Amino acid sequence: MVQWLIIILVYDFAMLKLSLSEVTLSLRLLHYKNRNGLTYENRPCDTRLEHDINRDGRCDTGFLFCLVHLPFQNPHNCTLGDHFTGFVGGDDIHFINIDQQLQRRSILSINKKRQRSSLISLWFQPTIYFHFNYPKTGIGLIVEVFDIDDNNNQTIHDSIDFYGRTLTDLKLYRSVELAQPQRIYLRSLFGTYTNLTVDFLLYCSPNYYGNDCEIFCSPNEQGYECDLNTGQKICKHGYFGQDCLSDVRACEDQPCANFTFD
């Protein structure tokens with residue numbers, strides 16, 4: 001009976017470890033364009049001055065990103081996480097990554113565009129991060145583009161557009177150091193004239209290893225380190241065993257207590 005209980009516990013623990021494989025998905029927004037400056041119903045975004053954050057008639061754009069398990073079911077149930085940007089600009093937005101030091105050439109290039117058109121928005125946008133258990137069925141992305149009617153989010157915002165796609169083509173990397181961005185162009189589901197360009201990264205979260213990030217190893221200051229490639233525990237001097245929990249010194253002091261049952 002005890003042996004069966006031990007087997008069941010070991011199996012449950014193994015399944016728990018597998019289900020807790022964690023990945024990180026990062027989104028770096030690059031460029032958004034609403035060619036006609038209208039909602040998906042082809043109506044002007046702001047007809048009342050109190051709803052016009054830009055104060056110039058342009059749409060007051062914001063994004064809601066929603067990640068789901070595949071297959072798509074309820075678009076309002078973001079099972080893997082969601083992120084709302086709030087107001088980020090008008091109808092033509094160039095996003096600047098504030099997480100990295102920008103090259104002067106990039107800023108000058110965007111500033112030249114702004115000189116040609118005062119309707120171009122610059123927005124300093126940090127990278128958006130999601131952390132979740134890696135779903136074997138795949139990841140789905142839903143994006144709703146809003147016209148923000150107030151910065152306090154106390155009114156129902158108008159919908160400008162919707163994007164949706166599977167992310168099954170994203171490569172899963174073993175670490176952020178190895179990850180390469182994959183550029184994706186999101187286009188309207190309703191045939192309206194908007195698009196959003198995003199760089200995606202998908203990689204194992206810290207302390208997770210393996211092809212599917214299914215191996216967890218958090219370095220133990222006293223007992224072991226983690227192999228950076230495999231995640232296998234490397235016992236430090238004086239420790240041994242599968243989990244490096246056995247202390248050689250303790251065994252030397254009390255050999256009978258450690259190797260026999262009383």
Any chance Ser106 is over 27 Å from Thr166 (Cα atoms), at pLDDT below 85 and crowded, with 17+ Cβ neighbours inside 10 Å: no
- request: Go through region 119-135 residue by residue and tally those that are part of a strand (DSSP E or B), over 16 Å from Phe200 (Cα atoms) and within 15 Å of the chain's Cα centre (by Cα).
  value: 1
field: Residues of region 215-262 satisfying the condition of being among the hydroxyl-bearing types (Ser, Thr, Tyr) and at pLDDT 60 or above
entry: Ser218, Tyr224, Thr230, Tyr239, Ser246
query: If you take the residues in region 176-192 that are of a type in the set (S, T, N, Q) and modelled with pLDDT of 95 or more, which one is surrounded by the fewest Cβ atoms within 10 Å (Cβ to Cβ)?
result: Gln180
- line: Checked Leu49, Leu67 against criteria (at pLDDT below 90 and over 16 Å from Ser159 (Cα atoms)); the one match is Leu49
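The values are calculated or read from the model by the stated rules, or taken from the named source; none is laboratory data. Treat the numbers as computed from the prediction; the structure is a model and nothing was measured. Neighbour counts are summed over all protein chains in view; Cβ atoms, including those assigned to glycine, are modelled from backbone coordinates with ideal geometry.
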